[in-house]
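What follows is a set of notes on a single structure, which appears directly below.
Each reported figure results from applying straightforward, stated rules to the coordinates on display, with no laboratory input. Model, not experiment: these values are computed from the prediction. A quick note on method: Cβ atoms are made from the backbone with ideal geometry, for glycine too, and the neighbour counts reach across all protein chains shown.
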Amino acid sequence: MPEGPSIVLAKEDIRHLTGLTVKTAKSTATRIDAERFSGTTLKSVRSWGKHLLLKFDNITLRIHFLMFGSYAIGKPKAGRVAKLAIHFSGGDSLFIYAAAMTIIEGPINKTYDWSADVMSMHWNPGNALSKLKANRERLICDALLDQQIFSGVGNIIKNEVLFRTRIHPLNKVGNIPARRMKALVDDAKDYSFLFLKWKRKFVLKKHWEAYTKKKCPRDGHPLTKLYAGTTQRRTFFCEQCQELFTGP
């Protein structure tokens, strides 16, 4: 599933279509009335966490790529049936594959809290800390994946941030000292932008320290792999150097 930085790259890739008018649109998704796009102009391309947002005249198309979604610009992918195909005047086209899509009516600022998006200029770490304080009994491995707190953080970022801040994934939020929690919140943003930098250079995997690894690069201790928390996502951590707190 693409994480926030990958959606930022998609936004940048598609943004040159802004200002073009839709000539025709076709969709195989029953929830999308493709005719509504015909004759409209693509006003902007934005992202919020794992959501790619294409704003047309009076509606916004929300795209979530799930596990296997993708897109193509210009030519369709050979042998694939697009879930949505948008053809713009001038010959440009955008094809969306295997994604969940929804049409949002009216201003999207009523739908999204931009301060929750770790990739946004409006990201507010103070708000994240306040939301965490209201979720003291949750495991931190679940809280990091909560898109209302850390929009854009996915499983890779979760694993790497916990490793980098030396916090055990099975900690309850309320047991983590305030100083350590602040460091984690700050690193959720910092690592997300490193992810974006490395993704641009096609070297992201070379920088993984915990995710999918078998040995801790700090102390050589074998890493533990669990399907942790209520989210049951793959979690890699070092029992030796990632601290498990027993109380605040």
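Per residue of region 103-112, in order, report the coupling 6.51 cos²θ - 1.76 cosθ + 1.60 (Karplus, θ = phi - 60°) as ³J(HN,Hα) in whole Hz, putting x for Gly and Pro.
Listing the rounded values in order: 9, 9, 8, x, x, 7, 5, 7, 9, 10 Hz.
Tell me which residues come under 5 Å, amide H to amide H, from Arg138 once H is placed; ignore anything under 5 positions away on its chain.
Under 5 Å from the amide H of Arg138: Val173, Gly174.
Exposure proxy check: Phe56, Phe202, Phe237 ranked by fewest other beta carbons within 10 Å?
Numbers: Phe56 20, Phe202 8, Phe237 24.
Fewest to most other Cβ atoms nearby, the residues stand as Phe202, Phe56, Phe237.
Could you list Lys172, Lys225 in order of exposure, starting from the residue whose Cβ has the fewest other Cβ atoms within 10 Å? Working shown, then result.
Numbers: Lys172 18, Lys225 14.
Ordered by Cβ neighbours within 10 Å, fewest first: Lys225, Lys172.
Pull out a ≥ b ≥ c, the square roots of the eigenvalues of the alpha-carbon gyration tensor of the chain, then state rounded if a/c is under 1.5, prolate if not and a/b is larger than b/c, and oblate in the remaining case.
Values: a/c = 2.59, a/b = 1.93, b/c = 1.34.
Because a/c hits 1.5 or more and a/b exceeds b/c, the chain counts as prolate.
Pairs to check: Lys158/Lys182; Lys158/Lys199; Lys158/Lys225; Lys133/Lys215. Give those whose C-alpha atoms are more than 21 Å from each other in this structure. Working shown, then result.
On the way: Lys158/Lys182 15 Å; Lys158/Lys199 16 Å; Lys158/Lys225 14 Å; Lys133/Lys215 33 Å.
Violating the 21 Å Cα-Cα cut-off are Lys133/Lys215.
Straight-line reach only, C-alpha to C-alpha below 14 angstrom: list the aspartates and glutamates that Lys172 could link to, leaving out same-chain residues fewer than 8 apart.
The qualifying aspartates and glutamates are Glu137, Asp142, Glu243.
Based on other C-beta atoms within 10 Å, arrange Ile104, Ile140 from fewest to most.
Numbers: Ile104 16, Ile140 28.
By the 10 Å Cβ count, ascending, the order reads Ile104, Ile140.
Quickly rank 24-34, 6-16 as a protection proxy: mean count of other C-beta atoms within 10 Å, highest first. Working shown, then result.
On the way: 24-34: 14.5, 6-16: 16.7.
Put in order of decreasing packing, that is 6-16, 24-34.
Might you report the magnitude of the Cβ-based charge dipole of region 2-140 about its Cα centre, with Lys and Arg at +1 and Asp and Glu at -1, to the nearest 20 debye?
It comes to approximately 200 debye.
Rounding to the nearest 20 debye, state how big the charge dipole of the chain is about its Cα centre with +1 on each Lys and Arg Cβ and -1 on each Asp and Glu Cβ. Mind showing how you got there, number by number?
Numbers: 41 positive and 21 negative charges, 108 e Å.
So the dipole magnitude of the chain works out to roughly 520 debye.
Considering only Cα-Cα distances, which of the following residue pairs are longer than 26 Å: Lys50/Lys77; Lys43/Lys75; Lys110/Lys189; Lys55/Lys75; Lys83/Lys197? Write down the numbers at each step before the final one.
On the way: Lys50/Lys77 22 Å; Lys43/Lys75 22 Å; Lys110/Lys189 24 Å; Lys55/Lys75 22 Å; Lys83/Lys197 30 Å.
In this structure, Lys83/Lys197 lie more than 26 Å apart at Cα.
Can you give me the long-range amide H partners of Trp48? Hydrogens built in the peptide plane at 1.01 Å from N, cutoff under 5 Å, separation of 5 or more residues or another chain.
Leu53
Send over the per residue convex hull volume for region 4-110, Cα only, as a whole number of Å³.
Working: hull volume 10.2 nm³, N = 107.
Output value, Cα hull per residue: 95 Å³.
Would you grab the residues whose amide H sits under 5 Å from the one on Thr165? Only those 5+ places off in sequence or on another chain, please, with H modelled 1.01 Å from N.
Close amide H contacts, sequence-distant or interchain: none at all.
Taking N as the number of residues in region 1-66, what is its Cα Rg relative to 2.2 N^0.38 Å? Let's see the in-between values first.
On the way: Rg = 12.0 Å, N = 66, 2.2 N^0.38 = 10.8 Å.
Here the Cα radius of gyration is 1.11 times the empirical estimate.
What nm value, rounded to one decimal, do you get for the distance between Thr230 and Thr40 when each label is placed 7 Å out toward the C-beta?
3.4 nm
Taking every DSSP beta bridge that has both residues in the chain, what percent is antiparallel when rounded to the nearest 5? Could you put the intermediate results ahead of the total?
Working: 37 of 39 bridges.
Roughly 95 percent of the beta bridges in the chain run antiparallel, per DSSP.
Per residue of region 215-225, in order, report the coupling 6.51 cos²θ - 1.76 cosθ + 1.60 (Karplus, θ = phi - 60°) as ³J(HN,Hα) in whole Hz, putting x for Gly and Pro.
Along region 215-225, the couplings run 9, 5, x, 8, 10, x, 6, x, 7, 8, 10 Hz.
What are the ³J(HN,Hα) couplings of region 185-199, residue after residue, when phi is run through the Karplus curve with 6.51, -1.76, 1.60 and θ = phi - 60°? Round to Hz, x for glycine and proline.
Going residue by residue, I get 4, 5, 6, 4, 6, 4, 5, 4, 6, 5, 3, 4, 4, 6, 5 Hz, with x marking Gly and Pro.
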